[in-house]
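Before any comments, here is the structure.
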Amino acid sequence: MRKEEAKFETKFISNVGTQEKNNDYFGYVQLDNYAIWVTADGFDEEEGADIAARIAVEAAVEYFMLTPGFNTKVLKEVVEYAHSKVVEKQEENERFSLMHTSLLIVISNYHSILWANVGNTRLYHLRDGFIHYQSKDDTIAQLLVNDEVLDIKDIKQHRQRKDLTQAIGDYIKIKPNISKNPIPLQEGDILFLCTIGAWENLDESEIEVELSKVDDRKQWLKSLENKIMATSRKEVDNYTIASVVVEKTASPEKIKKSRKPLIIKIIIIAVILFIVILSLSLWNMKKRNDTIKTAQTYQKQAEESIVKKDFNNSVDDFNLAVGEYDKLHIKSRGIIGFFRGAKGKNKDIDGKIKEVKDKIEITEKIKKAFQDINEGNQLFNAGDYDQASRKYQAAKFTLEQNTYKRDELNTDEILVILNTRIDASPKLMEAKSLEKTGDEAIARSDFGTAKSKYDDAINIYLTNGKADYVINLERKIEDISEQQQTAYNGALLTENKADMLSSSNPNSARETYYSARSMYQLLGDKVKASEIDNKIQEINARQIADLQTANNLVQEGLGLISSGTPALAIANFNKAKGMYEKLGDTKNSRSTDEYLKQAQTFIKVEDNTKQIIVEKDTEIAARNAQIEAERKKVDEERKRIEEINNKISQAIDLESKGDELAFSERYIESIEKYENAKKLYVEVGQTAKIEYLDFKIKRNEGFLYELQGDQSYKAKKWKDAEQKYKMSKDSFDKSGDVKEEINTRIEKKLAKATKKANKKWWQFWK
């Protein structure tokens with residue numbers, strides 16, 4: 001088949017422009033030996049313009065598929081058939097009686113092309129990056145160009161560029177413009193088909209320049225589309241642009257000639273030779289046929305072994321076939337050799353041997369490629385992705401170049417897998433690095449960082465088919481949850497201890513609060529860390545106030561001594577000293593002791609003793625009252641903390657169950673658990689956890705819609721699949737932390753569903 005010998009790549013874009021409806025239509029089909037490309041542009045001013053364009057294209061493709069061929073006769077018949085189908089529709093429905101369309105048809109035998117057009121739909125033939133030639137329009141403007149009244153470069157601006165001299169659907173007989181002779185193609189040639197909405201907004205130089213900027217022809221079409229839409233015109237007509245890239249051409253089509261004269265000559269020669277070398281020929285023929293049969297058997301076995309990927313046996317059988325073919329060499333010289341056709345036969349045998357040896361060489365390369373794949377798989381499964389990628393790259397290079405037994409060896413499918421693994425290797429290396437970073441974070445009790453790194457690694461592993469690695473990481477995450485709970489309980493206990501010390505020993509309480517804050521920070525609980533900071537600030541503020549109060553008491557005491565009431569001064573000094581000692585202010589405490597001694601020298605021992613007793617009793621009573629108040633406060637705070645801890649514990653349990661359900665792809669149940677956990681976190685004011693659960697809910701909705709989309713796609717419900725994939729993408733976008741790999745996967749699935757949903761019946765022939 002000539003299609004397999006050649007390689008033609010077709011890409012197209014058809015858009016509405018600034019109009020309400022697209023009246024353009026494009027279609028093509030590549031058969032085993034011939035191909036056809038058709039584009040049409042219905043008249044915008046006429047009702048049914050889109051129908052006319054569609055009928056013309058589908059009719060042309062239909063007729064060509066029924067009667068494929070490569071000559072001007074076939075091309076003319078295709079145009080006339082498309083014309084007749086449009087006229088039929090006009091006569092069938094009065095609404096569409098005026099509908100017309102331009103039409104461009106290109107056919108090929110994969111070596112050359114023939115084209116025909118009616119109207120102003122154009123063909124540009126590009127070679128070596130430049131426009132080699134272009135088709136002519138059936139317009140008034142084109143007639144002016146033909147008469148040399150108008151320069152062809154100015155045709156796109158001329159007001160009569162749309163005034164057609166003929167079109168598909170005219171009541172008069174049309175005379176299509178048909179290329180006279182086949183146009184040979186070269187590798188690298190590009191056939192550019194376009195409607196007026198494209199060429200009136202593009203300079204030929206822009207077509208060439210944009211082509212020089214890109215390697216990807218799809219990107220080339222996209223850049224041309226951008227140029228079209230960037231035109232200075234207020235309105236842009238429907239436009240269709242299509243490119244057919246000739247990557248490889250087939251050999252010229254063989255011309256069939258009558259074999260009758262040749263047969264007669266062969267018969268005469270055969271009779272003469274039969275008479276001369278009958279007996280020798282019969283014996284030699286049998287021997288030769290047996291040898292050929294044996295060689296062919298070995299060759300067939302070798303080719304079957306290749307399909308079975310038994311390359312060693314294949315090479316052995318090919319070598320045996322070479323040995324058999326070598327036996328066929330005729331050693332006779334002179335007249336006998338002449339009559340036996342030694343020279344020609346030996347040449348044929350040498351050709352056969354070369355053919356087989358070429359296959360041996362190819363087989364050895366294929367063998368090496370599959371060895372590289374097997375070694376790469378071993379390295380890949382062992383986690384050595386860098387070396388695995390090197391093996392895959394080597395195999396990929398060989399298989400991409402190979403055309404021998406390509407389909408039988410499922411080469412394209414294998415290349416897809418290799419590309420997937422090559423692309424996955426750096427990502428899996430990244431996942432391993434993330435896992436290592438997570439392990440290091442756990443070692444320093446930084447559970448938030450560890451879980452984040454493990455989650456990122458899990459996403460990469462899942463995307464690249466490493467579910468077994470995910471199980472191990474999920475176990476680590478489960479361990480993190482347990483360690484987090486333990487650490488969280490430890491932090492709460494430390495905080496409670498600090499709360500109890502806050503009144504009696506503020507300095508120790510402050511240090512204990514610092515420890516609790518560090519524990520919360522490692523757990524990633526910013527809310528609790530902030531609460532601890534507030535408590536530390538309260539202690540600092542209280543101590544500053546106590547210091548000021550103590551200083552005031554000392555000053556009052558000194559004033560009382562000066563006023564002759566040292567007994568009252570002693571009470572002030574004792575209160576100030578107690579406050580200094582509580583604050584850990586040794587210097588001021590010692591100074592206060594000196595002031596006490598001074599006060600005591602001014603009063604009698606008896607009065608001093610009584611005063612001391614009274615003051616002590618007062619101090620004890622006050623202290624007891626303070627202790628009782630602090631105890632009640634601690635009990636109330638303990639109850640509050642226990643209630644919060646219970647709600648947090650319930651929320652963590654619900655969140656953990658939600659994670660398990662999510663891993664089992666029970667997304668609906670998972671979302672329900674997350675919502676219940678969210679309510680509890682709202683009650684205890686865990687803002688960070690609420691935001692994180694919102695992220696998980698949106699992310700699970702994304703996975704849920706993706707799963708539903710996959711189910712609809714498998715059931716061939718393309719529209720439903722398309723809608724679900726859109727909902728999935730929207731949920732992932734709203735989560736605010738969508739991974740590039742997930743986004744790429746959803747977009748690919750959406751594109752496939754959209755393509756399936758919008759595909760026409762005849763497009764499934766491609």
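The values are calculated or read from the model by the stated rules, or taken from the named source; none is laboratory data. Quick caveat: nothing in here was measured; it's all calculated off a predicted structure. As a convention, Cβ positions derive from the backbone with ideal geometry for all residues, glycine included, and neighbour counts pool all protein chains shown.
A quick yes/no check of all residues on (1) out of contact with any helix residue (DSSP H, G or I) (no Cβ under 9 Å at 6 or more places or on another chain); (2) not in a loop (DSSP other than H, G, I, E, B):
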site	(1), (2)
Y124	no, yes
H132	yes, yes
L143	yes, yes
V149	no, no
D154	no, yes
R159	no, no
Q166	yes, no
I172	yes, no
K175	yes, no
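Quick one: in segment 128-165, which of the residues that are among the polar types (S, T, N, Q) and surrounded by fewer than 18 Cβ atoms within 10 Å (Cβ to Cβ) is farthest from I105 (Cα to Cα)? Please lay out each step first, then the result.
Taking segment 128-165 first, the residues among the polar types (S, T, N, Q) are 134-135, 139, 142, 146, 157, 160, 165.
Imposing the further condition that a residue be surrounded by fewer than 18 Cβ atoms within 10 Å (Cβ to Cβ) reduces the set to 134, 146, 157, 160, 165.
Working: Q134: 13, N146: 22, Q157: 25, Q160: 23, T165: 18 Å.
Applying the filter and picking the extreme gives Q157.
Checking the conditions here, which among E538, E581, E556 is touching a helix residue (DSSP H, G or I) at 6+ places or on another chain (Cβ under 9 Å) and either buried (at least 18 other Cβ atoms within 10 Å of the Cβ) or closer than 30 Å to I690 by Cβ (or both)?
On the way: E581 fails: either buried (at least 18 other Cβ atoms within 10 Å of the Cβ) or closer than 30 Å to I690 by Cβ (or both); E556 fails: either buried (at least 18 other Cβ atoms within 10 Å of the Cβ) or closer than 30 Å to I690 by Cβ (or both).
Exactly one of E538, E581, E556 is touching a helix residue (DSSP H, G or I) at 6+ places or on another chain (Cβ under 9 Å) and either buried (at least 18 other Cβ atoms within 10 Å of the Cβ) or closer than 30 Å to I690 by Cβ (or both), namely E538.
Being under 26 Å from Q186 (Cα atoms) and among the polar types (S, T, N, Q) holds for only one residue in S102, S84, S135, and it is S135.
Taken over segment 388-443, residues that are in contact with a helix residue (DSSP H, G or I) (Cβ under 8 Å, 6 or more places away or on another chain), farther than 26 Å from E740 by Cα and among the charged types (D, E, K, R) amount to 5. Exactly one residue out of T437, T411, T420, T403 is closer than 15 Å to F370 by Cβ and of a type in the set (S, T, Y), and it is T411.
Yes/no per residue for (1) modelled with pLDDT under 85; (2) among the charged types (D, E, K, R); (3) closer than 27 Å to K535 by Cβ; (4) in the same structural domain as K696 (by TED's automatic domain parsing):
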{"position": "K427", "(1), (2), (3), (4)": "yes, yes, no, no"}
{"position": "N459", "(1), (2), (3), (4)": "no, no, no, no"}
{"position": "L462", "(1), (2), (3), (4)": "yes, no, no, no"}
{"position": "L501", "(1), (2), (3), (4)": "yes, no, yes, no"}
{"position": "S504", "(1), (2), (3), (4)": "yes, no, yes, no"}
{"position": "N507", "(1), (2), (3), (4)": "yes, no, yes, no"}
{"position": "Y513", "(1), (2), (3), (4)": "no, no, yes, no"}
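Within segment 471-492, residues that are under 12 Å from K451 (Cβ atoms) reach partners that are at pLDDT 80 or above and aromatic (F, W, Y) with beta carbons closer than 9 Å, at six or more positions or on different chains, in the pairs L473/Y454; E474/Y454; E474/F663; K476/Y454; I477/Y454; I480/Y454.
Out of all the residues in segment 628-655, which are among the small types (G, A, S) and crowded, with 17+ Cβ neighbours inside 10 Å?
A651
Being surrounded by fewer than 22 Cβ atoms within 10 Å (Cβ to Cβ) and closer than 19 Å to A56 by Cβ is the filter here; which residues of segment 98-113 pass it?
Looking only at segment 98-113, we keep the residues that are surrounded by fewer than 22 Cβ atoms within 10 Å (Cβ to Cβ), and these are 98, 111-112.
The answer is L98, and nothing else.
Among the residues of segment 374-388, those identified as surrounded by fewer than 23 Cβ atoms within 10 Å (Cβ to Cβ) and within 18 Å of E413 (Cα to Cα) are N374, N377.
Answer yes or no as to whether V61 is in a helix (DSSP H, G or I), within 29 Å of W220 (Cα to Cα), at pLDDT 95 or above and within 42 Å of the chain's Cα centre (by Cα). In short, yes. Quick check on G736: is it on the phi > 0 side of the Ramachandran plot and more than 26 Å from the chain's Cα centre (by Cα)? No, not satisfied.
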